[in-house]
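The values are calculated or read from the model by the stated rules, or taken from the named source; none is laboratory data. No experiment lies behind these values; they were computed from the predicted model shown. Virtual Cβ from ideal backbone geometry, glycine too; neighbours counted across all protein chains shown.
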Amino acid sequence: MEDKPEVPSTTSLIAEGATKHLTNLQKLDDEIIALLAHASKSLQSLNEPSTQSDDQAKQDFQTHASNFFAGLESVTVGLRKEAKALQDANMLGTTVTTKAEWVGGQKEKEGIAAAESVLRKLDTHGED
């Protein structure tokens with residue numbers, strides 16, 4: 001008698017899908033932790049007295065702020081994908097409405113404007 005190939009059960013396929021999504025969400029959680037670290041480092045570079053020059057402190061701030069915004073974009077896209085996947089699988093039991101795309105862009109512009117304002121204040125204080 002010939003052995004039939006084992007066909008995965010529906011339950012095991014659902015479990016695999018859920019495991020995949022949970023793994024993706026865990027990665028996003030790790031990215032959020034990194035985002036908070038970049039935000040913290042950018043603020044520390046401006047607030048802590050340092051032995052480095054003002055130009056270096058500004059550069060550090062800009063680097064950490066850029067990393068923050070790049071990470072924020074990545075997390076936002078990842079969360080949207082996972083919410084959409086869960087919605088498509090009818091696992092949420094409700095429709096997820098994502099914010100309009102312009103909201104993220106507007107928030108990024110506001111963040112950059114705030115950062116530039118802080119840098120201008122630093123320039124003003126550095127000239128005293």
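Values computed for the structure shown
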| read-out | value |
| --- | --- |
| Selection count where residues are surrounded by 13 or more Cβ atoms within 10 Å (Cβ to Cβ) and either in a helix (DSSP H, G or I) or charged (D, E, K, R) (or both), scope region 28-53 | 14 |
| Subset of region 109-128 (residues that are modelled with pLDDT of 75 or more and assigned to a loop (DSSP other than H, G, I, E, B)) | none |
